[in-house]
Amino acid sequence: MINLKLANILTDIAEVNKSRTDDRNISLHLTIAARTIRDNPERVDKIFAEGKLKDLVGIQGLPYDLIKEYLETSSIGLYEEIKQKYSQDLIRLMRISGFGKKMLFKTYDALNIKTLEDLKEKLNEGTAISSVLAEITSGKDAAIKTYVERLKLSLDYIESIKGMSSRWEVENYLEEIKNSLYRIKNIEKVIVVGSLRRKRSAIKDIDLMILPYFNGLTFDFAKSEKLLDEINSLDFIKRLIKKDKRQENISARFESVFGIEIELIISSRKNWAIDMLYTTGSKKHIEKLEAVARGRGFFKDGRIDTTAISKDRPEEIINRSDTGSFPETDDVRYEEIIYRKLGLQYIPPELREDLGEIELAGNHILPELLTMEDIKGDLHIHSRWSDGIISLSDMIERIKKFRYEYIAISDHTTSNYYGRGLDAERLQRKTNYIDRLKSRFKDFRILLGSEIDIRGVDKFDYPEDIIKKIDIAIGSMHSSFLNTGDENTARAISAVKNKYIDFVAHPTGVVFGNRAPYFIDIDGLIEEAARNNKALEINSYFLRMDLNEQNVRKAGKMGVKLVINTDAHRPNNMDMIRLGVDVARRAGLQKNDVLNALPLEELKAWKSQRIKA
Ligand SMILES: [Zn+2]
Ligand SMILES: [Zn+2]
């Protein structure tokens, strides 16, 4: 996961640099470079080796030199200098918490804090840290309380994502892993199972199930073990962690060069479907499924018994010769048969979390989940007018690829320095430009969007007479990490209550591994959104995933429309829309729960009805 690691280092350097007022530009360039690196699906070391690093957006000058230094020496002098004084974790806390360097470093120095553990201890003791903060904040009690809470929340957040990786990032390595496995001649098939198949936003490991040619209707343990030895010598494997031999299969856990553990399950043709079901999980879903199986007499030797079920399996597939493909649709057909035998509707992997799906499937009333094809457009895309680096032709390429009816080019507003926000004058020029695009393209619509900073309660970057002329008006908070929950909630709700603002973007502000969510009463925000017929965003950018599936579930139940956007700043970010669709599917959303599943005319009607009311 070299891209993210390097991007984080560049962001750290940018953060440390930010507090120096004289050269904000360095931070800006480093932030742009970090974004390019972390969004790039190809590994940065590979790109460097090919001599193409300088071709990437924003990787010239200082950022290039720093990256080169890192790839050649595995460290960056500038970063080592800071790290000598403060551990990497303590530097990272700056990003996670949103605290400025001055304040945090002063606190560390005054209390001789060297590690996160030290900090935790000081926070638990309470008095010492409060008096240091009192000095820094000139003694305002309420502020000190919020600062302490923010530090605690940040530490909890770091704890909660320990060992987790973003699924999008992991998926970038998946092809490479599968390809090297397929080079072993005994392997017929490799499929993704586990939380990766259930499409969780963040995952702990990669679970893959392997079908070797030799495991047909019987399981050959000797050959399967030999196969594991062969796998152990592949390039991407660092070492075997443990092996688990069961009655019907073998699984092995490996440490990989990608920094994430890989679990491989060697299965057989005979047990393929049931192994797939079990290894996909979740554990709780399977437990409940087993209870159903027990009730129906399909449980034997500690597992759901498929011998009764296997009578229904299509024989031509089971006894098929060793050659030819074994398409994934057949796998799902097997699973369908198992669910059917248990008296259940087929449950898509995304819903297998024991959150009521088995009961719904038993009554044959599972939701018909949203699909990628249902999405009619992306309403949150940044262009070169602000901090996006996407050309019009890049956008059009995606419009065609996803068969969108519309997109909205939604740039930042005045107060957003790092986002190169547009003031009223530049917005007018952009409006004229979008008007020209509107008359130029007939097959799809390019809408004028704006991601308007919510600076305070009822304080937006544009006055109402400007906001009302914007096709898609988004309300966003970008700088509220040190506010109280009451302040932030009131700010967000004021946007929800503003007639002309259509939805609130990334409502909790969380950025995976980079920023803990801000304090906000999300339930209160959802209630107000319901009351005012406003949408809330599922931000699909791979590090955001905000709202998360728990909150999306709540919003959906309250009848709030969700809007799934990419917040794209780079061309390939627009492809991340599927990640947001996955969040929606995991939350059980259907097409009619989603604002941008509406055709353009209905989207317009949704807005104008609200404004008239
Ligand atoms: Zn934003
Ligand atoms: Zn944005």
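The values are calculated or read from the model by the stated rules, or taken from the named source; none is laboratory data. This structure is a prediction, so every number in the text was calculated from the model and none was measured. All Cβ positions, even for glycine, are placed from backbone atoms using ideal geometry, and neighbour counts span all protein chains on display.
Side notes on the structure shown:
- Here Asp502 fits the description: within 16 Å of ligand 2 (Cβ to nearest atom) and of a type in the set (Asp, Glu).
- Of everything listed in (1) at pLDDT 95 or above; (2) not in a helix (DSSP H, G or I); (3) not β-branched (Val, Ile, Thr), the single unmet condition for Gln247 is (1).
- Taking the criterion of being in a loop (DSSP other than H, G, I, E, B), within 13 Å of ligand 1 (Cβ to nearest atom) and in contact with a helix residue (DSSP H, G or I) (Cβ under 9 Å, 6 or more places away or on another chain), the residues of segment 462-480 that qualify are Met477, Ser480.
- Residue check, Ala33 among the small types (Gly, Ala, Ser), at pLDDT 90 or above and within 27 Å of the chain's Cα centre (by Cα): yes
- Exactly one residue out of Lys68, Lys114, Lys102 is part of a loop (DSSP other than H, G, I, E, B) and surrounded by fewer than 16 Cβ atoms within 10 Å (Cβ to Cβ), and it is Lys114.
- From the list Lys178, Lys152, the one residue that fits, being touching a strand residue (DSSP E or B) at 6+ places or on another chain (Cβ under 8 Å), surrounded by fewer than 20 Cβ atoms within 10 Å (Cβ to Cβ) and not in a loop (DSSP other than H, G, I, E, B), is Lys178.
- Positions within segment 410-444 being of a type in the set (D, E, K, R), within 14 Å of ligand 1 (Cβ to nearest atom) and either in a loop (DSSP other than H, G, I, E, B) or without any contact (Cβ under 8 Å) to a residue 40 or more places away in the chain (or both), in sequence order: Arg420
- Only residues that are among the polar types (S, T, N, Q) and not in a loop (DSSP other than H, G, I, E, B) were counted across segment 19-65, and they come to 5.
- Test: residue in segment 596-608 that is aliphatic (A, V, I, L, M) and either closer than 16 Å to Ala505 by Cβ or within 16 Å of ligand 1 (Cβ to nearest atom) (or both): no
Okay, residues lined up against (1) more than 16 Å from ligand 2 (Cβ to nearest atom); (2) under 19 Å from Leu379 (Cα atoms):
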position: His412; (1), (2): no, yes
position: Arg426; (1), (2): yes, no
position: Arg445; (1), (2): yes, yes
position: Asp465; (1), (2): yes, no
position: Lys469; (1), (2): yes, yes
position: Asn488; (1), (2): yes, no
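- Count of residues meeting criterion [assigned to a helix (DSSP H, G or I) and surrounded by fewer than 23 Cβ atoms within 10 Å (Cβ to Cβ)] in segment 529-548: 2
- Members of segment 165-183 that are touching a residue at least 60 places away in the same chain (Cβ under 8 Å), hydrophobic (A, V, I, L, M, F, W, C) and closer than 13 Å to Asp205 by Cβ: Val170, Ile177
- Subset of segment 343-364 [assigned to a loop (DSSP other than H, G, I, E, B), free of Cβ contacts under 8 Å to residues at least 12 places away in the same chain and more than 20 Å from Val583 (Cα to Cα)]: Asn363
- Filtered residues of segment 503-527 (kept if crowded, with 20+ Cβ neighbours inside 10 Å and either touching a Pro at 6+ places or on another chain (Cβ under 8 Å) or farther than 28 Å from Trp168 by Cα (or both)): Thr508, Gly509, Val510, Ile520, Ile522, Leu525
For (1) of a type in the set (Phe, Trp, Tyr); (2) crowded, with 19+ Cβ neighbours inside 10 Å; (3) not in a loop (DSSP other than H, G, I, E, B), each residue gets a yes or a no:
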{"residue": "Leu208", "(1), (2), (3)": "no, yes, yes"}
{"residue": "Asn215", "(1), (2), (3)": "no, yes, no"}
{"residue": "Leu228", "(1), (2), (3)": "no, no, yes"}
{"residue": "Lys238", "(1), (2), (3)": "no, no, yes"}
{"residue": "Ser251", "(1), (2), (3)": "no, yes, yes"}
{"residue": "Leu264", "(1), (2), (3)": "no, yes, yes"}
{"residue": "Lys270", "(1), (2), (3)": "no, yes, no"}
{"residue": "Asp275", "(1), (2), (3)": "no, yes, yes"}
{"residue": "Lys284", "(1), (2), (3)": "no, no, yes"}
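- Number of residues in segment 355-384 that are more than 17 Å from Asn592 (Cα to Cα) and surrounded by fewer than 20 Cβ atoms within 10 Å (Cβ to Cβ): the value is 8.
- Scan of segment 365-385 for residues that are without any contact (Cβ under 8 Å) to a residue 60 or more places away in the chain and either part of a helix (DSSP H, G or I) or under 18 Å from His412 (Cα atoms) (or both), ordered by number: Glu373, Ser383, Arg384, Trp385
- Residue selected from segment 447-463 under the condition within 18 Å of Glu528 (Cβ to Cβ) and more than 24 Å from the chain's Cα centre (by Cα), by the criterion nearest to ligand 2 (Cβ to nearest atom): Phe460
- Of the residues making up segment 217-226, those that are modelled with pLDDT of 95 or more and either crowded, with 16+ Cβ neighbours inside 10 Å or closer than 21 Å to Asp331 by Cα (or both) number 1.
- In the set (1) crowded, with 24+ Cβ neighbours inside 10 Å; (2) farther than 22 Å from Ile96 by Cβ; (3) out of contact with any helix residue (DSSP H, G or I) (no Cβ under 8 Å at 6 or more places or on another chain), Lys557 fails one condition alone, (1).
- Given (1) within 16 Å of ligand 2 (Cβ to nearest atom); (2) outside any loop (DSSP other than H, G, I, E, B); (3) under 14 Å from the mean Cα position of the chain (by Cα); (4) of a type outside the set (Phe, Trp, Tyr), number of the condition Val583 does not satisfy: (1)
- Residue count for segment 379-404, restricted to those that are closer than 20 Å to Asn539 by Cα, more than 16 Å from ligand 1 (Cβ to nearest atom) and among the aliphatic types (A, V, I, L, M): 2
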